[in-house]
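Engineer: Before I ask anything, here is the structure I am working with.
Each value in this text was obtained by applying a stated rule to the coordinates, not by laboratory testing. As the structure is a computational prediction, the values presented were derived from the model and not from experiment. Neighbour counts are summed over all protein chains in view; Cβ atoms, including those assigned to glycine, are modelled from backbone coordinates with ideal geometry.
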Amino acid sequence: MALNALLVPLGSHGDVHPLIGIGIRLKQRGHRVRVIVNGHFEPIVRGAGLEFIELGTDAEYRQMASNPQLWARRKGPATVIKALGELTEPVYNAIVENNEPGKTVVVASTLAMGARIAQDKFAIPTVNIHLQPLAFWSAIDPPRVPGLLLGKNVPRWLIRFQFKTAHALVLDRLAGPPINGLRARVGLPPVKRILQHWWNSPDRVIGLFPDWFAPPQADWPAQTRLTGFPLYDESGVTRLPAPLEEFLASGSPPIAFTFGSAMWHAQMLLEQSARACAMINRRGILLTRYREQVPASLPPGVIHVDFAPFSELLPRCAALVHHGGIGTSSQGLAAGVPQLVVPHAHDQPDNAARLVRLGVARAIEPKRYQAPRIAEELTALLDNPQVERTCAEVASRFVGVDSLGQTCDLIEEIAPGARPAKSRVAAVGS
């Protein structure tokens with residue numbers, strides 16, 4: 001049976017790309033795919049051949065993305081939760097309006113809370129997509145969460161107590177009002193521990209990362225499945241710009257620098273990056289959609305590019321310097337290049353720690369991101385044969401893995417009328 005698939009990605013390009021990749025595969029399987037997303041991403045959705053349903057305007061997205069508090073380590077998560085909380089009712093309404101009972105399946109990103117409310121109200125089969133391990137609040141293998149005392153040497157009872165306190169005193173107070181306000185209006189009881197338990201769909205939770213990056217834990221939701229990094233990045237839709245192709249062909253492999261598609265405040269980061277390239281006599285590429293952030297004068301061998309699909313660019317680079325977003329991190333792993341990570345907020349510190357543990361990366365705190373230190377860290381990465389071997393070994397783990405195909409299998413399994421199937425992807429604890 002052809003499904004009515006409603007995809008709800010909330011966030012920046014790094015949050016939207018994976019669901020676009022899923023949508024393309026679902027459409028190839030004969031399903032109708034509609035993407036409920038901010039108007040800023042309409043060209044990407046339509047360019048991929050999918051149907052678009054507007055969830056807020058491009059101007060609203062730009063206003064949110066330009067908020068400097070978005071990148072503050074302590075204030076950033078609260079800023080995101082508050083901003084996306086305002087979309088709870090619009091998400092709910094869009095799903096209800098486009099629901100086709102008996103045919104619909106909803107695929108929603110982590111903070112698309114309106115999807116969970118629609119699921120509770122109308123029993124619409126719903127899949128939660130978690131792009132990063134931070135979404136799983138495990139006391140067994142705790143993620144990096146700023147402000148909390150975590151780690152494998154901290155007693156589990158203390159970790160659980162911190163989680164419970166953080167949710168009761170902070171996260172539920174931020175996320176609770178719009179969620180429980182809407183639940184009351186549609187006749188549903190209130191919920192609590194929202195960002196620890198309730199946000200996980202009881203139908204299915206899919207982690208879009210492999211078990212070697214974050215092994216499943218016994219205290220993850222039992223309905224969790226891992227499929228691997230999706231790696232969709234507009235390749236095949238967006239081509240490498242001609243000037244970039246010429247640059248890549250004209251000399252040694254460059255170092256790529258990117259600090260996030262929603263980073264509107266990277267002027268100093270890009271300036272120091274360019275200076276570091278000059279110090280170690282390396283070519284560099286500064287990637288940002290916001291040209292006003294790029295230094296007016298760049299040293300020889302350093303260029304600026306608005307955007308390039310990483311799957312096509314990074315295999316031709318010597319190293320990758322970035323903010324620690326999960327999409328960028330996974331593309332670096334797949335390309336087999338050393339990574340220098342500058343984590344700011346959200347999942348970035350946790351992702352950075354995992355990359356360092358794998359042996360493919362080093363990390364710098366943003367306040368220490370100065371040209372001399374950057375040059376030192378990059379030299380240590382690029383002159384280390386063990387890092388090169390580890391990067392190649394990790395890249396080999398991607399061969400033959402079809403994360404998007406496995407994800408679509410799991411979505412179809414919980415769709416209306418689907419027969420229970422034995423998943424080809426391991427469940428948590430198996």
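Engineer: May I ask which residue of 142, 184, 112 lies farthest towards the positive end of the charge dipole of the stretch 55-197, with charges of +1 (Lys, Arg) and -1 (Asp, Glu) on Cβ and the Cα centre as origin?
Structural biologist: 142
Engineer: Between residue 27 and residue 311, what is 0.36 nm times their sequence separation minus the Cα-Cα distance? Round to one decimal in nm.
Structural biologist: 100.0 nm
Engineer: As a check on your grasp of the helix formula, calculate [θ] at 222 nm for the chain: sum -39500 (n - 2.57) over DSSP H runs of n ≥ 4, divide by the residue count, round to the nearest 500.
Structural biologist: My calculation for the chain gives -11500 deg cm²/dmol from helical runs alone.
Engineer: I've got another one for you. Suppose each label sits 7 Å from its Cα in the direction of the beta carbon; what would the residue 386-residue 192 distance come out to in nanometres?
Structural biologist: Label-label distance for residue 386 and residue 192, simple model: 4.9 nm.
Engineer: May I ask you to derive the FRET efficiency for residue 152 and residue 242 from their Cβ-Cβ distance with R0 = 45 Å, giving the value to the nearest 0.05? Display every interim value, and only then the final one.
Structural biologist: On the way: r = 50 Å, r/R0 = 1.10.
Once the sixth-power term is evaluated, E becomes 0.35.
Engineer: For the stretch 184-216, run through the trypsin sites (Lys or Arg not before Pro) and keep only the ones in DSSP coil with at most 16 other Cβ atoms within 10 Å of their Cβ.
Structural biologist: Here the sparse-neighbourhood loop sites are 192, 193.
Engineer: Would you please state the base-10 log of I(q)/I(0) at q = 0.07, 0.09 1/Å for the chain, with intensities from the Debye formula using one equal scatterer on every alpha carbon?
Structural biologist: -0.33, -0.55
Engineer: Still on this structure, please answer the following. Just the number, please: Stokes-Einstein D of the stretch 184-293 in µm²/s, Kirkwood Rh from C-alpha pairs, 37 °C, 0.692 mPa s.
Structural biologist: Result for D is 175 µm²/s.
Engineer: I need 159, 364, 117 ordered by Cβ neighbour count within 10 Å, fewest first.
Structural biologist: 364, 159, 117
Engineer: What list do you get for 402, 120 if you sort them by fewest beta carbons within 10 Å?
Structural biologist: Fewest to most other Cβ atoms nearby, the residues stand as 402, 120.
Engineer: Could you list log10 I(q)/I(0) for the stretch 242-396 at q = 0.16, 0.18 Å⁻¹, which the Debye formula gives when each Cα is one point scatterer?
Structural biologist: -0.81, -1.06
Engineer: Running a GNM on the chain with Cα contacts under 10 Å, which residue among 302, 170, 80 ends up with the highest mean-square fluctuation?
Structural biologist: Per the Cα network of the chain with a 10 Å cutoff, 170 tops the list.
Engineer: Do you know the relative contact order of the stretch 242-396, to the nearest whole percent, from alpha carbon pairs under 8 angstrom that are 6+ apart? Write out the running numbers ahead of the final one.
Structural biologist: Working: 272 pairs, mean separation 34.0, N = 155.
Normalised by residue count, the contact order of the stretch 242-396 is 22 percent.
Engineer: Regarding the stretch 109-178, what is the average projected area of its C-alpha convex hull, in nm²? Working shown, then result.
Structural biologist: Numbers: hull surface 22.4 nm².
Reported value for the Cα convex hull: 5.6 nm².
Engineer: Quick one: go through the stretch 323-350 and flag any residue whose amide nitrogen is under 14 Å from the point 7 Å out along the Cα-to-Cβ line of residue 397.
Structural biologist: 329-337
Engineer: Related question: Given contacts defined as C-alpha pairs under 8 Å and at least six residues apart, what's the relative contact order of the chain, whole-number percent?
Structural biologist: 16 percent
Engineer: Sort 100, 42, 292 so that the residue with the fewest other Cβ atoms within 10 Å of its own Cβ comes first and the one with the most comes last. Display every interim value, and only then the final one.
Structural biologist: Values: 100 12, 42 15, 292 7.
Fewest-to-most Cβ neighbours within 10 Å comes out as 292, 100, 42.
Engineer: What residue among 28, 348, 132 shows peak mean-square fluctuation when the chain is described by a Gaussian network model with Cα springs under 10 Å?
Structural biologist: 28
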